[in-house]
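For reference, the structure is listed below as structure tokens.
The values are calculated or read from the model by the stated rules, or taken from the named source; none is laboratory data. These figures come from a predicted structure and were not determined experimentally. Ligands, DNA and RNA are excluded from the accessible area calculation, which covers all protein heavy atoms including side chains. Shrake-Rupley method; radii C 1.70, N 1.55, O 1.52, S 1.80 Å.
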Amino acid sequence: MKTNLMRVVVAAVLLSGAAARAQWGLTGLRQGQTIWALNWEVAGPIGDFQNYIKNWSLVGFSLEARYLVKKNLSVGGSFSFNRWEETYSQISVPITLPGSGATGVATGPVYRYNDMFGLRAVVHYYLGEGDSKLQPYIGTGIGGVWSYAYQQIADLANTQDSFNFIVSPEVGVLYTLLQGTTSMALNLAFRYTFTTASPGRTSNAQTIGPIIGLAWYY
Amino acid sequence: MIYRSAAFLLLLSLPAFNLACTGYGAPSEVVNGTATITVESGTPPSWASYTTFTITPTIQVYDNTGGQQDAYRRDAESIIPKIAENMTRRGYQYIQSPQPPADPPVTHLVITLYAYLGSQAYGGVYCNWYYWGYPYGCYPTWGYYGTYNFGTLIMQMGDRKNAPPPNTGPVALIWGSATYGVLGTQQYNLQRVLTSIDQAFAQSPFIQR
């Protein structure tokens with residue numbers, strides 16, 4: 001009796017699995033698929049950028065689409081936004097008065113932020129066979145980034161905006177949560193970003209940081 | 001399928017766009033903080049060539065606290081010693097100015113004092129989309145309005161040594177200092193004023209005989 005019951009349970013489990021496979025299908029990545037991803041981006045200034053703002057940005061996101069031209073190679077585009085913000089209680093900053101050539105120093109509490117809107121072409125290479133739930137990849141993005149830097153001391157404000165070059169290599173992994181005709185995955189990555197943006201008197205703003213997002217592909 | 005995915009992504013993106021559209025604003029410690037700005041002439045003079053200086057005995061005040069601009073003078077005796085101390089420490093000789101209408105002494109350098117008092121309201125829709133030419137692209141709730149109380153002390157240093165004859169008119173300004181937020185009615189504190197004078201000279205090490 002107990003044996004028969006066990007057989008029924010095993011059969012039920014297998015049947016439910018078969019049903020699930022029939023419903024979702026086990027597809028994995030394949031040529032011709034499109035991957036969409038919406039990511040939350042954390043980015044910390046490194047290098048000279050730290051002389052403008054040291055705080056990490058927790059307010060960042062990216063939206064990307066990747067088309068698999070081969071089973072393990074995708075090309076696509078990405079739009080991203082990041083904001084860095086910091087208030088210094090007391091610092092001195094060099095100033096130049098426009099027109100007069102006069103130079104000077106401003107000392108006091110300073111508020112700064114820097115926004116960057118990036119538009120990049122992206123290419124990714126997927127490692128392994130792509131049949132497991134874990135799909136590691138390496139990739140890079142290249143394009144343009146609009147940077148807006150603002151700093152204020154008392155009621156004096158200084159702004160800079162410019163359009164700059166951006167390149168951003170990354171390593172990551174897609175962890176499949178649901179598989180089927182349309183599959184959903186967790187996107188985890190770590191990205192280094194180099195730009196030619198020069199907020200304040202710094203040059204070539206660079207950042208590093210993790211990315212967490214949701215991706216789905218079909 | 002592609003349109004549905006794009007639409008779904010955009011829907012998911014709304015909170016992110018919301019974040020990107022939130023207003024910016026410097027904290028009050030910045031807006032109402034004390035800041036000292038010093039500026040040197042674009043063609044720096046030879047500071048070692050000057051020997052004497054004087055300070056105007058009064059502060060020319062431009063007062064907007066009553067809603068209209070009033071101009072009057074206030075005695076500067078509480079701050080003159082601090083300015084004179086900084087200059088003499090740099091090697092210059094102080095010659096005191098008599099109260100008007102007596103003529104000021106003839107010195108190489110003359111320091112004049114001004115104060116701006118009052119407040120101004122500012123505000124509007126602070127939104128990053130504004131910079132792309134859509135001032136109302138974000139919901140107006142994110143607008144930021146406030147009042148900035150300015151109480152600014154200004155020191156200006158003029159070069160009378162090299163002024164063209166007959167040396168009775170305006171002289172070339174070779175250095176200026178503006179300290180924001182020290183003379184407002186809510187914030188006036190003599191010690192902060194004196195500290196800001198020290199700060200103005202500290203960030204101008206080139207003033208040296």
Where a Cα-Cα gap under 28 Å defines reach, which lysines qualify for B:K82, not counting those fewer than 8 residues away within the same chain? B:K161
Check cross-link reach from A:K54 to the aspartates and glutamates: straight Cα distance under 20 Å, and skip same-chain residues fewer than eight apart. A:E41, A:E85, A:E86, A:D115, A:D161, B:E29
I'd like the accessible area for B:M155: 1.4 Å probe, protein heavy atoms, all chains in place, Å² to the nearest 10. 0
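Rank these by accessible area, largest first, 1.4 Å probe: A:V75, B:V106, A:V145.
Solvent-accessible surface, decreasing: B:V106, A:V75, A:V145.
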Heavy-atom accessible area of A:I142 with all protein chains present, probe 1.4 Å, nearest 10 Å²? 90
Rg and Dmax in Å for region A:50-135, alpha carbons only: what are they? 21.5, 66
On protein heavy atoms with a 1.4 Å probe, the accessible surface that disappears when A meets B, both sides summed and given to 100 Å², is 3300
How much of A:I212 can a 1.4 Å solvent probe reach, expressed as accessible area in Å² and rounded to 10? 80
If the reach is capped at under 29 angstrom between alpha carbons, list the lysines near A:K133, excluding any in the same chain fewer than eight residues apart. A:K70, A:K71
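Largest first, how would B:L109, B:L183 line up by accessible area (1.4 Å probe)?
Sorted by accessible area, descending: B:L183, B:L109.
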Rg ratio (alpha-carbon, reference 2.2 N^0.38 Å) - region B:26-67: 1.88
